[in-house]
Structure formats: C-alpha cells, structure tokens
Amino acid sequence: MTTPTTPVNRLRPRRSCLAVPGSNPRFLEKAQGLPADQVFLDLEDACAPLAKEGARHTIVDALNNGDWSGKTRVVRVNDWTTHWTYRDVITVVEGAGPNLDCIMLPKVQDAQQVVALDLLLTQIEKTMGFEVGKIGIEAQIENAKGLVNIDEIAAASPRLETLIFGPADFMASINMKTLVVGQQPPGYPADAYHYILMRILMAARSHDLQAIDGPFLQIRDVDAYREVAGRAAALGFDGKWVLHPGQVDAANEVFSPSQEDYDHAELILDAYEWCTSEEGGKKGSAMLGDEMIDEASRKMALVIAGKGRAAGMQRTSKFEAPEA
C-alpha cells in the first residue's frame with residue numbers, strides 16, 4: 001500500500017456518475033459536454049471482448065485530448081478474474097496518468113484485490129515519474145462475497161475513494177427473483193436492497209469514503225429513476241450512476257440539498273459560530289428562531305452545507321446576530 005506524497009482530494013462531487021463506453025468515440029465526445037459530476041470510461045461490460053484492446057487506446061486519446069473540465073475522470077477496468085486487467089491498467093495509466101483521477105475496479109471480492117491494484121499503480125507511477133498515490137481507486141461491490149468482506153475492502157488502501165453498489169451482478173449472485181435491475185422482487189413486502197445499501201454505507205462512512213448507488217436500466221423512465229435515486233439519497237448516499245443524458249439532471253437534483261435546506265444549514269453554522277464566540281456569550285447552545293442548536297446540530301449542518309457548496313449552490317439568506 002502507498003501513502004500519497006501530497007494531500008489528495010478524495011471527496012470529489014459524485015452526484016451523477018456517467019457511464020461511457022470506452023470503444024465509442026462519439027459517446028466519449030458527447031459526454032464531455034454533459035453536466036455530470038463524474039464520467040467513467042468503461043472497458044468492462046460496455047466493451048465487447050474483441051473491442052477491449054482498441055478501447056484502451058481510444059480512452060487514452062480521449063483523456064489526453066478531450067475537455068473534461070469540472071469532471072472527475074475515471075476508467076473502469078476489467079476485474080481481476082479476467083486476463084485483461086493488468087494490461088487495461090498499464091495502457092491507460094502509462095498513456096494518460098496525469099489526466100486521470102481514479103481507476104474503478106469491478107467485482108471486488110476481497111481486500112487483496114484492492115491491494116494488488118494499489119501496488120500496480122504505484123509501480124507505474126514510479127516508472128513514469130508520476131506523483132505517487134495521486135490516482136484513486138473506486139471499488140465496486142457486486143456479489144455476496146464482496147459485501148461480506150466490505151470492511152476489509154474499505155480499509156485496504158489509502159487510494160480508495162468510493163464504494164459502489166453493482167446491482168445487476170449482485171442480484172444474480174444471490175439468486176434474487178427478478179429480471180429488472182433495481183426492481184423490488186415480487187413476493188417481498190419490504191425494500192430488498194435496504195440491507196445491502198446500508199452495509200455499503202456503513203463501511204464507507206467508517207473509512208471516510210463516499211458511497212455510490214449503481215445504475216437504473218429503465219433509462220427513459222426518469223420519474224422511476226428519481227424514485228430509486230431518492231431512496232439512496234435519503235439514506236445518505238453521495239450519488240448514483242447515470243446511463244443516459246436524461247438521467248444526469250435528475251441525479252444532480254436528487255443528490256443536492258434543497259435551497260431551503262442549504263440555506264438553513266448555513267444559518268445553523270453561522271449561528272453556532274456566533275453563540276460559541278466571545279461576542280455571543282461563549283454558549284454551547286443557542287436558539288435559531290424556534291430551534292435550539294448545539295454541537296450535534298453543527299455536525300448535521302456541515303453535511304448539508306458541504307453538499308450544497310460542492311454543488312455550487314448560493315445562499316439566499318444571511319445570519320444576523322440577535323440584539324443584546
């Protein structure tokens with residue numbers, strides 16, 4: 001495992017994570033103009049076996065010559081059970097390392113798979129003279145074994161930035177009785193994904209990582225996408241995959257706070273800072289309107305305010321200290 005030589009921002013905006021087939025130059029070009037927080041150029045499921053080798057070079061060209069301003073740039077390689085993984089990583093990182101933020105590793109089943117990727121990235125960075133530790137890792141949890149081992153996976157590398165739920169393969173791995181990805185299976189009266197999502201979320205938060213929900217395949221049903229995304233957002237997930245341009249705005253909206261909540265969070269932070277100051281009486285709690293706020297309120301407000309700031313939201317209200 002490695003330690004970055006300089007601090008690296010591991011909490012990037014990831015409300016919308018756009019999947020782009022690495023073998024399709026037209027889609028790669030179009031993705032650059034979409035308002036997604038993150039794009040991941042895919043060498044795995046979106047590429048046919050015969051197209052994978054060529055797609056590596058297409059992705060390198062797109063990363064080096066495209067305009068990805070404001071986006072987190074990620075490449076999803078093939079998983080370690082295939083014979084493509086090492087060459088995916090070497091070709092992409094040697095060819096476009098300075099223009100790459102993360103490598104996404106699918107079907108992660110244990111911590112050693114993350115450690116192996118960390119080691120390979122370190123060797124490439126040292127060989128090429130790149131900054132060691134700059135490229136992050138995203139781990140995709142897609143089967144029962146990966147979920148059982150998720151705490152060890154989450155602690156496997158300082159490069160790790162996110163844990164991602166991969167619903168389709170996961171559903172197959174546990175023999176879930178449905179053919180529609182993300183749909184509640186017939187005959188089960190509750191949310192069949194609640195435990196899985198919460199397990200991923202707890203592991204992520206325990207190690208200061210982000211948690212990302214996977215794709216919703218009914219790409220033209222944006223209302224259904226909002227509903228599914230809303231459940232993950234309510235739990236505390238940071239974002240969700242998007243497979244179609246029509247899902248991008250929905251993801252950005254769902255995983256951003258409302259203007260009212262954002263303003264309220266900023267007011268809590270200002271009010272708490274004031275009440276704990278000399279001017280405010282060095283109090284541990286205070287009233288903000290009809291609401292009592294304290295240190296716990298501040299922590300909750302930091303989360304909402306952080307999401308709003310990351311989304312580029314602007315305040316529409318201003319804190320005014322109460323008159324003595």
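The values are calculated or read from the model by the stated rules, or taken from the named source; none is laboratory data. Keep in mind the model is a prediction, meaning the values are calculated, not measured. Neighbour counts are summed over all protein chains in view; Cβ atoms, including those assigned to glycine, are modelled from backbone coordinates with ideal geometry. Remember, those area values only see protein heavy atoms, side chains included, never the ligands or the DNA or RNA. Shrake-Rupley method; radii C 1.70, N 1.55, O 1.52, S 1.80 Å.
Structure data summary
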{"read-out": "Residue in region 133-142 that is of a type outside the set (D, E, K, R) and either on the phi > 0 side of the Ramachandran plot or free of Cβ contacts under 8 Å to residues at least 12 places away in the same chain (or both) present", "value": "yes"}
{"read-out": "Residue check for ASN175: in the same structural domain as VAL108 (by the TED database), buried (at least 18 other Cβ atoms within 10 Å of the Cβ) and not charged (D, E, K, R)", "value": "no"}
{"read-out": "Filter pass, PRO13 being under 26 Å from ALA156 (Cα atoms), crowded, with 17+ Cβ neighbours inside 10 Å, under 21 Å from the mean Cα position of the chain (by Cα) and modelled with pLDDT under 95", "value": "yes"}
{"read-out": "Of the criteria (1) in a loop (DSSP other than H, G, I, E, B); (2) under 12 Å from ALA232 (Cβ atoms); (3) in contact with a Leu (Cβ under 7 Å, 6 or more places away or on another chain), which one VAL181 fails", "value": "(2)"}
{"read-out": "Region 6-58 - residue that is among the β-branched types (Val, Ile, Thr) and in contact with an Asp or Glu (Cβ under 9 Å, 6 or more places away or on another chain) and, of those, farthest from ILE304 (Cα to Cα)", "value": "VAL20"}
{"read-out": "Filtered residues of region 145-172 (kept if in a helix (DSSP H, G or I), at pLDDT 95 or above, more than 14 Å from ASP208 (Cβ to Cβ) and open to solvent by 10 Å² or more (accessible area, probe 1.4 Å))", "value": "LYS145, LEU147, VAL148, GLU152"}
{"read-out": "Residues of region 182-198 classified as open to solvent by 50 Å² or more (accessible area, probe 1.4 Å), of a type in the set (A, V, I, L, M) and either under 22 Å from ASP110 (Cα atoms) or touching a strand residue (DSSP E or B) at 6+ places or on another chain (Cβ under 8 Å) (or both), total", "value": "1"}
{"read-out": "Filter result (in contact (Cβ under 8 Å) with a residue 40 or more places away in the chain, open to solvent by 50 Å² or more (accessible area, probe 1.4 Å) and of a type in the set (Gly, Ala, Ser)) within region 199-253", "value": "SER206"}
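So that you can scan it fast, the table gives a plain yes or no per residue for (1) within 25 Å of ILE200 (Cα to Cα); (2) among the hydroxyl-bearing types (Ser, Thr, Tyr):
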residue	(1), (2)
TYR86	no, yes
ILE103	yes, no
ALA111	yes, no
LEU117	yes, no
GLN123	no, no
